[in-house]
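Novice: This structure is in structure tokens; I'll ask about it shortly.
The values are calculated or read from the model by the stated rules, or taken from the named source; none is laboratory data. Only a predicted model underlies this, so the values are computations on that prediction, with no experimental measurement involved. A quick note on method: Cβ atoms are made from the backbone with ideal geometry, for glycine too, and the neighbour counts reach across all protein chains shown. In case anyone asks, the SASA skips ligands and DNA or RNA and just uses the protein heavy atoms, side chains included. Shrake-Rupley method; radii C 1.70, N 1.55, O 1.52, S 1.80 Å.
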Amino acid sequence: MEEKEPVFRHHVPVQMRFADIDILGHVNNGAYLQYMDLAKVRYFSETLADTLDWHKETLVVANINCTFMAPTFWGDEIEVVTTIESISVHSLILLQRVVDTRTKATKCECRSVMVGFDPRNSTALEIPDTWRSLFSTFEQRDLQTHTPH
């Protein structure tokens, strides 16, 4: 069965900084993670809006895997695109790509396992149904199913 290309509804333009460039003249691998973090925060802030209180219930990164596909050079115009691949009881998988806005080439792809977390008690937290509903509405597909990872 052929895999379907994900639809990315969330786009964050990236302003590259001179400090992001390494000795070889391209964006350092560590800078990509900062780009992804910026886009993650914006994704959750925009999709969850007033239901998100970072001090009460939140999501934290449990695992992140990045595949670097092509170098990004100073002057390239890039953005981070984000979607949720799946949600289970306590976690979700966030898929992000750094994409050249001119050529549409993917420069880097990251999958992050994000875990529901209660920072007041330092305990795991189920992904709230209200969040599932908001994610489903934003992504325009059903993310309600509790599928274990």
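Novice: Test THR137 against the criterion of being open to solvent by 80 Å² or more (accessible area, probe 1.4 Å), of a type outside the set (Lys, Arg), outside any strand (DSSP E or B) and in contact with a helix residue (DSSP H, G or I) (Cβ under 8 Å, 6 or more places away or on another chain), and give yes or no.
Specialist: So THR137 does not fit the description; no.
Novice: Tally time: how many residues in the stretch 32-56 are surrounded by 20 or more Cβ atoms within 10 Å (Cβ to Cβ) and more than 17 Å from MET114 (Cα to Cα)?
Specialist: 1
Novice: Moving on. Being farther than 25 Å from ALA19 by Cβ, touching a Gly at 6+ places or on another chain (Cβ under 8 Å) and buried (at least 20 other Cβ atoms within 10 Å of the Cβ) narrows it down to one of LEU59, LEU125, LEU92, so name that one.
Specialist: Being farther than 25 Å from ALA19 by Cβ, touching a Gly at 6+ places or on another chain (Cβ under 8 Å) and buried (at least 20 other Cβ atoms within 10 Å of the Cβ) holds for just one of LEU59, LEU125, LEU92, which is LEU59.
Novice: Would you call GLN34 without any contact (Cβ under 8 Å) to a residue 24 or more places away in the chain, over 24 Å from GLU126 (Cα atoms) and within 16 Å of the chain's Cα centre (by Cα)?
Specialist: Criteria met by GLN34.
Novice: Would you tally the residues in the stretch 95-122 being open to solvent by 40 Å² or more (accessible area, probe 1.4 Å), modelled with pLDDT of 95 or more and charged (D, E, K, R)?
Specialist: 3
Novice: Tell me yes or no: at least one residue of the stretch 93-110 is of a type in the set (Lys, Arg) and in contact with a strand residue (DSSP E or B) (Cβ under 8 Å, 6 or more places away or on another chain).
Specialist: Within the stretch 93-110, one or more residues are of a type in the set (Lys, Arg) and in contact with a strand residue (DSSP E or B) (Cβ under 8 Å, 6 or more places away or on another chain).
Novice: Criterion first (of a type in the set (Ser, Thr, Tyr), exposed (fewer than 13 other Cβ atoms within 10 Å of the Cβ) and either farther than 20 Å from GLU139 by Cβ or touching a residue at least 12 places away in the same chain (Cβ under 8 Å) (or both)) does THR83 satisfy it?
Specialist: The answer is no for THR83.
Novice: List the number of the failed condition for THR67; all other conditions in (1) under 17 Å from PRO6 (Cα atoms); (2) open to solvent by less than 70 Å² (accessible area, probe 1.4 Å) hold.
Specialist: Condition (2) is where THR67 drops out.
Novice: Suppose we filter THR123, THR101 for residues that are in contact (Cβ under 8 Å) with a residue 24 or more places away in the chain and either farther than 30 Å from VAL27 by Cβ or over 15 Å from the mean Cα position of the chain (by Cα) (or both); which single one remains?
Specialist: When all the criteria are applied, what remains is THR101.
Novice: Mind listing whichever residues of the stretch 13-31 are surrounded by fewer than 18 Cβ atoms within 10 Å (Cβ to Cβ), in contact with a strand residue (DSSP E or B) (Cβ under 7 Å, 6 or more places away or on another chain) and part of a helix (DSSP H, G or I)?
Specialist: Scanning the stretch 13-31 gives a single hit, ASN29.
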